[in-house]
Amino acid sequence: MNLARLDLNLVVALRALLEERNVTRAGQRIGLSQPAMSAALARLRRQFGDDLLARVGGHYELTALGQVLLDRTSTACDVLERLFTSQADFDPATESREFGLVASDYAVAVFGTELARVVHEEAPGIRLRFSQTPTTVVDDTATLLSATDGLLMPHGVISDFPATDLYDDRWVFLVADDHPSVDDRLTRQDLARLPWVTYQRTYDAPAVRQLGMLGIEPRVEVSVDSFQLLPLLVAGTRRIALVQARLARLLAPVAAVRVLEPPYDVVPLREALWWHPVHTHDAAHIWLRETAARVGRRLGDAPGP
């Protein structure tokens, strides 16, 4: 494929055709007449050697290749839009735009709230939109990063993308205040015998992998898609939970739980902001990363978790 010979307008036409599955509607969507859209479809069919849209009765359905291209075309358009909206200069005091960040509820509670406060003070026209980390983050990191402005994620889960370190945290255990069989210390035997409540996504994997290396297999009784719900699901039960110390400190007043140190040297947690390489030299993203790093340093300078 010679990119110099590629008509990028065909990428836009391809996305419209695959999503609308109708030549007329696809043309209306991108401002082309029905004959011009039909000509674009003919060129795309020659390019891919496939019909892409196959007539079934009175409507079109995607071919197998068309179905494959549906998601890829959306990703390609996202990358192109971000590429061609890159800025040489960025003045946070006067700009008006939105940054989308993918993050867990832990990262939003511990870091995102402070980032939002600083942005509110320094860049009143800037909006932040936080989205929950999807389960596909490890398997399809490139696609995820191409469709957003950044990902808040600890080291040890993804790699091969640029990142800036934000702050350090550590893992602790939660037990109920009135736990019937745990005093002021947990043992490895406790971790093996007691029921657990766990965060069900994948990016606490380094800490979970460490348990496996120690021969500890958590007996999971409840799993939940929120770190902030863990204390509520521990309080008043025999369950235990592994949670970040900074979050445990924030949530201490919420539920009747105690924070206990792990009975082993737990792997550290270093939170980072990851981004797609297309954003590396964009002035707006440079400002976002520098601001995030500054907020992260403030967290690091605060009393330890």
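The values are calculated or read from the model by the stated rules, or taken from the named source; none is laboratory data. Model, not experiment: these values are computed from the prediction. With ideal geometry, Cβ positions are generated from the backbone for all residues, glycine too; neighbour counts draw on all protein chains shown. Heavy atoms of the whole protein, side chains included, go into the accessibility calculation; ligands, DNA and RNA do not. Shrake-Rupley method; radii C 1.70, N 1.55, O 1.52, S 1.80 Å.
Some points to look at:
- Some residue of segment 168-175 being crowded, with 16+ Cβ neighbours inside 10 Å and within 30 Å of VAL79 (Cβ to Cβ): no
- Given (1) closer than 22 Å to ARG289 by Cβ; (2) at pLDDT below 95; (3) more than 13 Å from the chain's Cα centre (by Cα), index of the condition VAL137 fails: (3)
- Within segment 244-286, being within 19 Å of the chain's Cα centre (by Cα) and modelled with pLDDT under 90 holds for PRO277, VAL278, HIS279, THR280.
- Applying the criterion of being free of Cβ contacts under 8 Å to residues at least 40 places away in the same chain and touching a strand residue (DSSP E or B) at 6+ places or on another chain (Cβ under 9 Å) to the residues of segment 21-42, the residue that is surrounded by the fewest Cβ atoms within 10 Å (Cβ to Cβ) is ASN22.
- Condition check for PHE130 on (1) touching a residue at least 60 places away in the same chain (Cβ under 8 Å); (2) in contact with a Leu (Cβ under 9 Å, 6 or more places away or on another chain); (3) open to solvent by 40 Å² or more (accessible area, probe 1.4 Å): one failure, at (1).
- Residues located in segment 141-164, provided they are under 11 Å from the mean Cα position of the chain (by Cα), within 15 Å of ASP282 (Cβ to Cβ) and of a type in the set (Val, Ile, Thr): THR148
- Failed item in (1) open to solvent by less than 70 Å² (accessible area, probe 1.4 Å); (2) within 18 Å of the chain's Cα centre (by Cα), with ALA93 passing the rest: (2)
- Breaking point among (1) of a type in the set (Gly, Ala, Ser); (2) over 26 Å from THR143 (Cα atoms); (3) part of a helix (DSSP H, G or I), for ALA54: (3)
- The single residue among ARG188, ARG258, ARG209 that is among the basic types (Lys, Arg) and surrounded by fewer than 14 Cβ atoms within 10 Å (Cβ to Cβ) turns out to be ARG209.
- Screening ARG45 against (1) assigned to a helix (DSSP H, G or I); (2) open to solvent by 50 Å² or more (accessible area, probe 1.4 Å); (3) in contact with a strand residue (DSSP E or B) (Cβ under 9 Å, 6 or more places away or on another chain); (4) modelled with pLDDT under 90 leaves a single unmet condition, (4).
- Summed over segment 162-214, the residues that are in a loop (DSSP other than H, G, I, E, B), farther than 29 Å from GLN132 by Cα and of a type in the set (Lys, Arg) give a count of 1.
- In this structure, LEU273 does not qualify as closer than 27 Å to ASP184 by Cα, surrounded by 18 or more Cβ atoms within 10 Å (Cβ to Cβ) and aliphatic (A, V, I, L, M).
- Look at (1) in contact (Cβ under 8 Å) with a residue 40 or more places away in the chain; (2) open to solvent by 50 Å² or more (accessible area, probe 1.4 Å) and you find that ALA109 fails only one, number (2).
- Residue that is farthest from ASP301 (Cα to Cα), among those in segment 111-131 that are of a type in the set (D, E, K, R) and more than 17 Å from the chain's Cα centre (by Cα): ARG127
- Taking the criterion of being open to solvent by less than 70 Å² (accessible area, probe 1.4 Å) and either acidic (Asp, Glu) or under 13 Å from PRO277 (Cα atoms) (or both), the residues of segment 133-157 that qualify are ASP140, THR141, ALA142, THR143, LEU144, LEU145, SER146, ALA147, THR148, ASP149, GLY150, LEU151.
- Those residues of segment 222-254 which are assigned to a loop (DSSP other than H, G, I, E, B), without any contact (Cβ under 8 Å) to a residue 60 or more places away in the chain and either open to solvent by less than 10 Å² (accessible area, probe 1.4 Å) or small (Gly, Ala, Ser) (or both), in sequence order: ALA235, ALA252
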